[in-house]
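The values are calculated or read from the model by the stated rules, or taken from the named source; none is laboratory data. Worth saying up front: this structure is predicted, and the values here are computed from it rather than measured. Ideal geometry is used to build each Cβ from the backbone, glycine not excepted, and the neighbour counts take in all protein chains shown.
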Amino acid sequence: MPITARAQTLSSDALVAALRQGGYVLVMRHASAPREAPSQDIANADNTGLERQLGDAGRTGATAMGKALRGLKIPIGDVLTSPTYRALETVKFAQLANPTRVVELGDGGQSMQGVAETQATWLRTRVTQPPRTGNTIIVTHMPNLARAFPAWGSTVSDGETVVLRPDGKGSLTLVGRVKIEQWPRFR
């Protein structure tokens with residue numbers, strides 16, 4: 001299903017004001033994680049599958065982003081996340097409540113080597129659905145973003161959020177992109 005994405009970049013003040021009203025979908029690439037999975041001797045105790053985990057910058061960035069969202073009084077409704085360890089850590093450090101693990105946002109155990117078209121279709125469809133309450137946050141990976149949104153998905157950096165405004169009819173407006181380190185600077 002093709003979706004139309006118009007661009008209407010808002011200033012940081014206008015973006016914060018809009019997000020406070022709700023109705024947006026924030027699609028986030030997980031926070032910074034080393035490219036290699038940790039060895040057992042340096043893995044977090046709860047990382048029993050020895051998956052990639054956040055580095056210091058990723059933990060710090062996710063924590064600061066979550067604190068900024070709460071301080072800015074941006075309402076969060078649904079939180080949908082990849083079931084991978086690094087995505088779950090992003091949600092945990094940002095203190096995003098009640099996350100729902102969504103298989104289509106993950107890597108299927110393939111370490112992001114093979115993102116299926118069904119995953120891209122799911123993501124393209126989901127972002128066109130207006131939030132039931134507040135704003136929806138979706139945490140996923142660059143290959144998912146690149147396949148679902150070829151025009152901009154491969155340019156999303158670690159921890160970056162793309163802010164979309166769905167109209168409920170299959171169209172979107174891309175209203176902003178926020179790097180993880182920018183959230184704490186917003187007022």
Pick from region 12-51 the residues that are of a type in the set (Asp, Glu) and over 22 Å from THR173 (Cα atoms): which of them is nearest to the chain's Cα centre (by Cα)?
-> GLU51
Got a number for residues in region 131-144 being surrounded by fewer than 19 Cβ atoms within 10 Å (Cβ to Cβ) and closer than 11 Å to ASP78 by Cβ?
-> 4
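Criterion first (outside any loop (DSSP other than H, G, I, E, B), of a type in the set (Val, Ile, Thr), surrounded by 19 or more Cβ atoms within 10 Å (Cβ to Cβ) and in contact with a strand residue (DSSP E or B) (Cβ under 9 Å, 6 or more places away or on another chain)) does THR128 satisfy it?
Numbers: outside any loop (DSSP other than H, G, I, E, B): no; of a type in the set (Val, Ile, Thr): yes; surrounded by 19 or more Cβ atoms within 10 Å (Cβ to Cβ): yes; in contact with a strand residue (DSSP E or B) (Cβ under 9 Å, 6 or more places away or on another chain): yes.
Judged against the criteria, THR128 is not a match.
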Output for region 134-187, where each listed residue is modelled with pLDDT of 95 or more and acidic (Asp, Glu) | ASP158, GLU160, GLU181
Among (1) at pLDDT below 95; (2) in contact with a Lys or Arg (Cβ under 7 Å, 6 or more places away or on another chain); (3) under 22 Å from ILE76 (Cβ atoms), ALA120 falls short only on (3)
Please find, within region 65-99, the residue that is surrounded by the most Cβ atoms within 10 Å (Cβ to Cβ) out of those that are in a strand (DSSP E or B) and touching a Lys or Arg at 6+ places or on another chain (Cβ under 8 Å).
-> THR81
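Under the condition of being in a loop (DSSP other than H, G, I, E, B) and surrounded by fewer than 23 Cβ atoms within 10 Å (Cβ to Cβ), which residue from region 108-117 is modelled with the highest pLDDT?
Going residue by residue through region 108-117, those that are in a loop (DSSP other than H, G, I, E, B) are 108-116.
Now drop any that are not surrounded by fewer than 23 Cβ atoms within 10 Å (Cβ to Cβ), which leaves 108-114, 116.
Details: GLY108: 65, GLY109: 62, GLN110: 62, SER111: 59, MET112: 55, GLN113: 62, GLY114: 66, ALA116: 85.
The selected residue is ALA116.
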Here are SER11, SER32, SER39, SER82: which of them is closer than 19 Å to LEU164 by Cβ, among the polar types (S, T, N, Q) and out of contact with any Leu (no Cβ under 6 Å at 6 or more places or on another chain)?
-> SER11
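Under the condition of being under 18 Å from TRP122 (Cα atoms) and in contact (Cβ under 8 Å) with a residue 40 or more places away in the chain, which residue from region 155-168 is surrounded by the fewest Cβ atoms within 10 Å (Cβ to Cβ)? Walk me through it before giving the result.
Filtering region 155-168 for residues under 18 Å from TRP122 (Cα atoms) gives 162-168.
Now narrow it down to the ones that are in contact (Cβ under 8 Å) with a residue 40 or more places away in the chain: 162-166, 168.
Values: VAL162: 24, VAL163: 21, LEU164: 22, ARG165: 21, PRO166: 21, GLY168: 9.
Only one residue tops the list, namely GLY168.
Applying the selection to region 131-167, what residues are part of a helix (DSSP H, G or I) and in contact with a strand residue (DSSP E or B) (Cβ under 7 Å, 6 or more places away or on another chain)? Give the steps one after another, and end with the answer.
Residues of region 131-167 that are part of a helix (DSSP H, G or I), as a first pass: 142-148, 153-155.
If the condition is that a residue be part of a helix (DSSP H, G or I) and in contact with a strand residue (DSSP E or B) (Cβ under 7 Å, 6 or more places away or on another chain), then MET142, LEU145 are the ones that fit.
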Name, by its number, the condition in (1) among the charged types (D, E, K, R); (2) within 17 Å of MET142 (Cα to Cα); (3) at pLDDT below 95 that does not hold for ARG6.
-> (2)
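State which residue is surrounded by the most Cβ atoms within 10 Å (Cβ to Cβ) when the search covers only region 11-35 and only residues that are among the basic types (Lys, Arg) and modelled with pLDDT of 95 or more. Steps first, answer last, please.
Quick first cut of region 11-35, residues among the basic types (Lys, Arg) only: 20, 29, 35.
When the remaining residues are screened for being modelled with pLDDT of 95 or more, the result is 20, 29.
Working: ARG20: 13, ARG29: 23.
Ranking the qualifying residues of region 11-35, first place goes to ARG29.
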Return the residue satisfying two criteria in turn: it lies in region 126-163 and is small (Gly, Ala, Ser) and over 10 Å from the mean Cα position of the chain (by Cα), and of such residues it is nearest to ARG35 (Cα to Cα).
-> SER157
